[in-house]
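Worksheet: the structure to be examined is printed underneath.
We did not get these values from a lab; they are worked out from the coordinates using the rules stated. As the structure is a computational prediction, the values presented were derived from the model and not from experiment. Please note: Cβ atoms are built from the backbone with ideal geometry, for glycine as well, and neighbour counts cover all protein chains shown.
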Amino acid sequence: MDFAKLFIVIVTGLSILAGCLEERKPESAPSEFSTSQDFPSLASERYQQSVTDQGQDPNLIRPRFADVASDVGLTFTYFNNAVPERFFLPEVMGGGIAWLDFNNDGWLDLLVTNGCCWPDPERTPSDVITRLYRNKGDGSFEDVSLAAGVGLKQFGQGVAVADFNADGFLDIYLTNYGPNRLFVNRGDGTFADVTELSGTGDPSWSTGASWFDADRDGDEDLYVVNYLDLSFENHRVCQYNGIAGYCGPGSFSETPDRLYLNQGDGQFVESSTALGFVGENGKGMSVAVVDLDGDLLPEVYVANDMAANFLFTRSRTSPDRPATQPIYRNIAVDGGCAVSGAGQVEASMGIACADFDGDETPDFFLTHFYSQKNTLYRNLGNLQFHDDSFGSRIAATSMMFNGFGTIAFDFDRDEAIDLFVANGHVLGPNLQPNEMTPQLLRNDGRGRFDDVSATAGACFTEKAVGRGVAGADYDEDGDLDLAVANLHRPLTLLRNETDTGRHYLGIQLRTRNRVVPVGGRVVVTTRGRRQVQPVVVGGSYLAMSDTRFLFGLKDAAEADKVEVYWPSGRVDVFAQLPGDRYWMILEGDEPRPVIREPIP
Amino acid sequence: MPDTSISKSKHRQRRVVIGFALLLLAVISAVKWLDRSERLAAKSCLTRNQWKEARARLSRLLWWHPSDASVRMMLAEAYARDDSLPSRSSAERAVALLKDIPDDVAESAEARIREARLRFLLLRQPIQAERILQRAMVIDPKAMDAHSLHWRILDMTGRSDLCEPIFQQLYELSPPQQRIDYLRDWFFSQNDPEHITARLDEMLGFRNSPDESARRLELKRLIAFRQSEPNEPLIHAAIARWFQDEGDLEQALHVVNEVRSIPQVMNDPLFVFALVSVLIESGRLEQAAAAFDQWPGLSEGYAYWKTAGLLQENLHRNYGAASVAYAKSLAIWPGHADWRCQFRQATCLALSGQKELADVTRQHAIEVQQMFRPDHRKRLQQALLAPHETPNRDVILEFYRTLRRPDEAKYWQQITEQ
């Protein structure tokens, strides 16, 4: 018996040992995927690629930007009247920003809107006003707000600039939470408030606005984007996992946009319905006006917050079209640019419009909410768009950001249009993340983007609640600089100091009736390569950029050919236009060089 | 005189043999009686939750009968149900006992199910549990407990998409009065999984406070599963998809990258699906296509065709081919509810010149999308509480008819008209 038990114990022990050995297999050697394309450390690939390529690929230019706002006299912080625990939504939207040469001295000046005490603007501190900064031409700015007469107390949102009375001086339209304002430029450095006379004082909560000739009668009309029906009566505070914050657009109804038709005598008539600018559930944030199908007639794209976007195009004329039929119709759904490719409404704050993929048709880039991707709509022609956010890598660069203002520009003059995005959340300081870094996205020339922010300078590592962005070559050195409006922090002026060693071509278009030639486009050909930039009015978020064109020419000292397609149907063609300067092109005339020494 | 001594000797021998036989019989009877008594005593201990004593008795029995499946199962129960023992080690002991029960005995299916349950609930090894359940279902295809547990495991590991065959099986096998429970389970599993997973998360010990969000619990749970089964690509895939759904593509990429060294990781279609999906969303389309080319097994199924469609649309820009692939995907559950994919199909139809079909498809996508709005989902949840009331039944039927799911609509109609 003992012998049997011993036998059993030995056998049992051996079995256990064998089982342990069986369970603890030696680790197999790591096996390669049976593909020629193994994937290396994917998590850091993007940054590795951008950083590595910066150092190793001589053709990739390292971006350099520096915040010079305080150095040049732009010391402005938007007053948003945030009252603790109130969470009144206009507080978190930010203010408008616009570049304009208001005094026609050839230097771009800067206008920024400001908030005020609400609901009692009279309690606003006296130094909290809309600000106009004159560019002195020596790299600095001078505050001329009070002298100019635009220093009003209003809860400022956006700004749109145009010469609506064709007197040669740019006028200003300010959108507000509260009645909007129209200021006519007297031509002597001052402005007059003509809101009442003009009939453009929409009391709704307005955000973006764009001037363009909607009825093709030769003067500037005004499209005003309206946001929400919000007042203190229906205002409320929302909870996010038990933490109080701002309610989003879903908590309020929309207000319809406006289209003010210029009557030519200083008065405007609201004609949105009559012209067909009608869309459902429009909670508008931004508007961009641009010709998308090459017929020289502008389309109007409206970005709506958590609602389908609008794309208005002119109905094609036909002999059978009744006179009462609206001129414009909304085709965003059919066009594939109302919602994301997966049918989801998106937050849609800022718009940038440019030919990102080099196929000579303008595409759209929209900024969206945190943990939503930004969207790049590729223009396929015939007013058809495809959500190319995955293929363009826009989705990958944006999920952890809340985007607002955005600018499309060629920062490195490699003939591909890049993107800048200002980021910042909207739920309030009690919820994280709130402040975010801006982004610089480099286009590889095929419409694919890499985030190169890490190499672009210290200003890209500083977090802020970024809002509007307006781009301009304020220092006349042939590259675009960026003015960024922030909440709770001073305005930022990112001067572009990128040392490209490359050439540029600057173009300024002018029509005889002073109407911005939106609907037109400029085509620059260099070494057989064509670059097409359409005339775009509006875009970004609550902002207005320099209307001049900047084309990167790489190592070509001149453009072989420049073609200007005017909305009138005229095409002007110029050969061998030298680079590294701006050219002013008046419709039908030869280009004239704009001689101005850049600020060192 | 010699004849008498020989017969006496034979007579004595006969008595010895008979006596020995009787003794042997007595011993055997005694042993059998003891054995039976011991089993009864052990069962009685189990009934009265006297685990330690039960283990003592059953251990002795097992020493005598090492291949007795019922003794093993009882001993395993005595370990698993004893709360005074550390749960992990007792579960491991129980599993060790159960796994030695061969598949060709009467108790084998039940043994597999118990082992799977222990692995899942106590050892947090859902994938191993699933493999064991699959053995149980081969042994006894009608073992409802096995199917039910398998369903739960799929729900808890981010694979609710695969539950339809199980639901159908359970529905067919269950008695009529139980079918409504499975119909409800099916709805919640597919449309409101927190309803199902909340209870299990609590049982598994993941919920530390009542305020914990379902999303955080899901991540906690998946990470715990990964700790227990670090070499299972499925769990890594589920975690990657969690981060992807949260918009954190960097982290999702990191997770799929971590499993490079696991042998045969690309043999798992769900892992390949997760990998390709993350690569597509992060713009690495060529890499996604290369990974997709290695799709293991049959080139079919909702996930396969959806991925094929995404690549055709975003990489090859062949919108016609994309719409065909999407159509195949959408014909397989959960394609009927995948309104995002339906929108993609509509876009691709439009871009390939099929405008009328695109319009119809888009309209249907909008209708399905409406079914998943928060307010509508609330109405459905309320309706499921009292489905026999006509308005509630109509809400439920409308849902499944909009999704073009006639089977579910028929089932609900039958149930609620009884």
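Report the Cα centroid-to-centroid distance between the range B:55-101 and the range A:467-487 in angstrom, as an integer.
Spelled out, the Cα-based centre of one part sits 75 Å from the other.
So for the range B:43-156, averaging the separation of alpha carbon pairs under 8 Å that are six or more residues apart and normalising by length, what relative contact order in percent results?
Here the relative contact order equals 18 percent.
What spacing in nm lies between the two simple spin-label points modelled at B:ASP140 and B:THR402, each 7 Å away from Cα in the Cβ direction?
Modelled inter-label distance: 4.2 nm.
Peptide A:378-387: average number of partner chain Cβ atoms within 10 Å per residue?
On the way: counts 1, 0, 3, 0, 1, 0, 3, 2, 8, 5.
For peptide A:378-387, the averaged partner shielding equals 2.
Give me the inter-chain shielding for A:333-339: mean count of other chain Cβ atoms within 10 Å, whole number please.
Across the residues of A:333-339, the mean count of other-chain Cβ atoms within 10 Å is 3.
Between B:ARG317 and B:SER44, take the C-beta separation as r, use R0 = 51 Å, and let me know the FRET efficiency to the nearest 0.05.
After rounding to 0.05, the efficiency reads 0.10.
In percent, what relative contact order does the range B:214-297 have, based on Cα pairs under 8 Å that are 6 or more apart in sequence?
Working: 88 pairs, mean separation 21.0, N = 84.
Answer for the range B:214-297 is 25 percent.
Could you give each residue of the range B:38-53 its phi-based ³J(HN,Hα) in whole Hz, using Karplus coefficients 6.51, -1.76, 1.60 with θ = phi - 60°, and x for Gly or Pro?
Whole-Hz 3J(HN,Hα) from phi for the range B:38-53: 5, 4, 4, 5, 4, 4, 5, 4, 4, 4, 8, 6, 9, 5, 5, 5.
Out of B:LEU298, B:LEU23, B:LEU34, any idea which swings most in a Gaussian network model of chain B, alpha carbons joined below 10 Å?
Most flexible of the set in this elastic network: B:LEU23.
What number, in nm² with one decimal, is the all-direction average of the projected area of the convex hull of the alpha-carbon atoms of chain A? Present the calculation step by step, with values, prior to reporting the outcome.
Values: hull surface 147.6 nm².
Mean orientational projected area (chain A, Cα hull): 36.9 nm².
Nearest 10 degrees, 0 to 90: what angle lies between the long axis of helix A:45-56 and the longest principal axis of chain A (Cα atoms)?
The angle comes out at about 70 degrees.
To the nearest 20 debye, what charge dipole does chain A have about its Cα centre, counting +1 at the Cβ of each Lys and Arg and -1 at the Cβ of each Asp and Glu? The partial results should precede the final answer.
Values: 48 positive and 86 negative charges, 188 e Å.
Using Cβ point charges on Lys, Arg, Asp and Glu, chain A gives about 900 debye.
Under the 0.36 nm per residue contour assumption, what length would be gained going from the current alpha-carbon distance of B:ALA26 and B:ASP103 to full extension?
Once the chain is fully extended between B:ALA26 and B:ASP103, it gains 24.2 nm.
Give me the angle, in degrees from 0 to 90, between the Cα long axis of helix B:249-258 and the longest principal axis of the Cα atoms of chain B, rounded to the nearest 10.
That works out to roughly 40 degrees.
Out of the trypsin sites (Lys or Arg not before Pro) in the range B:1-53, which ones are loop residues according to DSSP with at most 14 other C-beta atoms within 10 Å?
Here the trypsin sites (Lys or Arg not before Pro) that fit, given the DSSP loop and packing criteria, are B:ARG48.
Tell me the angle of helix A:2-23 to the major Cα principal axis of chain A, expressed in degrees between 0 and 90 and rounded to the nearest ten.
Value to nearest ten degrees: 20.
Take every Cα pair under 8 Å in the range B:247-295 that's 6+ residues apart, average their separations, divide by the length, and report that relative contact order as a whole percent.
37 percent
If I model the protein assembly as shown as equal point scatterers sitting on the Cα atoms and use the Debye formula, what is log10 I(q)/I(0) at q = 0.06, 0.09 Å⁻¹?
So the normalised log intensities work out to -0.55, -1.03.
Going toward the positive end of the dipole of chain B, with +1 on Lys and Arg Cβ and -1 on Asp and Glu Cβ, which of B:GLY283, B:TRP333, B:PRO263 do you reach last?
Farthest towards the positive end: B:PRO263.
Given the options B:LEU61, B:LEU98, B:LEU403, state which has the largest fluctuation in a GNM of chain B using a 10 Å cut-off (strictly under) for Cα springs.
Maximum among the listed residues: B:LEU61.
Roughly how big is the range B:214-297's charge dipole about its Cα centre, with Cβ charges of +1 (Lys, Arg) and -1 (Asp, Glu), in debye to the nearest 20?
It comes to approximately 260 debye.
Could you list which residues have their amide H under 5 Å from that of A:GLU254, counting only those 5 or more apart in sequence or on another chain, with H placed in the peptide plane?
Under 5 Å from the amide H of A:GLU254: A:ASP229.
What is the packing order of peptides B:68-81, A:257-270, A:134-147, taking the mean over residues of other C-beta atoms within 10 Å and listing the highest first?
Highest to lowest by the protection proxy: B:68-81, A:257-270, A:134-147.
Using only the Cα atoms, work out Rg/Rh for the range B:214-297, with Rh taken as the Kirkwood radius, to two decimals.
Working: Rg = 12.2 Å, Rh = 12.7 Å.
Checking Rg against Rh, the ratio lands at 0.96.
May I have the extent of the alpha carbons of chain B along their three principal axes, as whole Å values ordered from largest to smallest?
124, 55, 48
Would you calculate a helix-derived [θ] at 222 nm for chain A, using -39,500 (n - 2.57) for each DSSP H run of n ≥ 4 and dividing by the full residue count, to the nearest 500?
Dividing the helical sum by the residues of chain A leaves -2500 deg cm²/dmol.
Taking the Cα of A:ASN241, stepping 7 Å toward and past its beta carbon, and measuring to each backbone N in the range B:211-239: which are under 20 Å?
Label zone hits: B:211-224, B:239.
For chain B, build the charge dipole from Cβ charges (+1 Lys, Arg; -1 Asp, Glu) around the Cα centre, then report which of B:SER160, B:ILE139, B:HIS364 sits farthest towards its positive end.
In chain B, that residue is B:ILE139.
Length gain on complete extension for the stretch A:SER253 to A:MET400, per 0.36 nm per residue less the alpha carbon to alpha carbon distance?
50.1 nm
Once every DSSP H run of n ≥ 4 in chain B is given -39500 (n - 2.57) and the sum is divided by its residues, what mean residue ellipticity at 222 nm do you get, rounded to the nearest 500 deg cm²/dmol? All intermediate terms of the calculation are to be shown ahead of the outcome.
Numbers: 22 runs with 307 residues, N = 418.
Value at 222 nm, helices only, nearest 500: -23500 deg cm²/dmol.
Give the Cα extents of the range A:366-508 along the principal axes, in whole Å, largest first.
Between the extreme Cα coordinates on each principal axis of the range A:366-508 lie 47, 38, 27 Å.
If each residue of separation counts as 0.36 nm, what is the full-extension length gain between B:SER5 and B:SER84 once their alpha-carbon separation is subtracted?
21.4 nm
Mind checking A:359-369 for the average number of partner chain beta-carbons within 10 Å of each residue's beta-carbon?
What the average comes to for A:359-369 is 0.
Which distance in Å, rounded to a whole number, links the C-alpha centroids of the range B:1-53 and the range A:233-300?
Using only Cα atoms, the two centres lie 99 Å from each other.
How large is the charge dipole for chain B, taken about the Cα centre, if only the Cβ atoms of Lys, Arg (+1) and Asp, Glu (-1) carry charge, to the nearest 20 debye?
2060 debye
Give, in whole angstrom and from largest to smallest, the semi-axes √(5λ) of the equivalent ellipsoid of the range A:292-434, with λ running over the eigenvalues of the Cα gyration tensor.
Taking √(5λ) for each eigenvalue gives 29, 19, 12 Å, largest first.
Would you tally the net charge around A:CYS117, using a Cβ to Cβ cut-off of less than 10 Å, leaving A:CYS117 out, and scoring K and R as +1, D and E as -1? List each step's numbers first, then the result.
Values: positive: A:ARG123, A:LYS153; negative: A:ASP120, A:GLU122.
Net charge in that neighbourhood comes out at 0.
Of A:VAL465, A:GLY279, B:ILE113, which is farthest along the charge dipole of the protein assembly as shown in the positive direction, counting Lys and Arg as +1 and Asp and Glu as -1 at C-beta?
Highest projection toward the positive end goes to B:ILE113.
Show log10 I(q)/I(0) for the range A:500-564 at q = 0.13, 0.24, 0.27 Å⁻¹, two decimals, from a solvent-free Debye sum over equal Cα scatterers.
Log10 of I(q)/I(0), two decimals: -0.41, -1.06, -1.19.
Evaluate the Kirkwood expression for the hydrodynamic radius of the range B:1-152, namely the inverse of the mean inverse distance over all pairs of different C-alpha atoms, and round to one decimal in Å. Numbers along the way, then the final one.
Numbers: mean 1/r = 0.0554 Å⁻¹.
Hydrodynamic radius (Kirkwood, Cα pairs) of the range B:1-152 is 18.1 Å.
Could you order peptides B:207-213, A:448-454, B:340-346 by the average number of other Cβ atoms within 10 Å of their residues, highest first? Before the final figure, lay out each step's value.
Values: B:207-213: 10.3, A:448-454: 21.7, B:340-346: 25.4.
Answer by packing, highest mean first, reads B:340-346, A:448-454, B:207-213.
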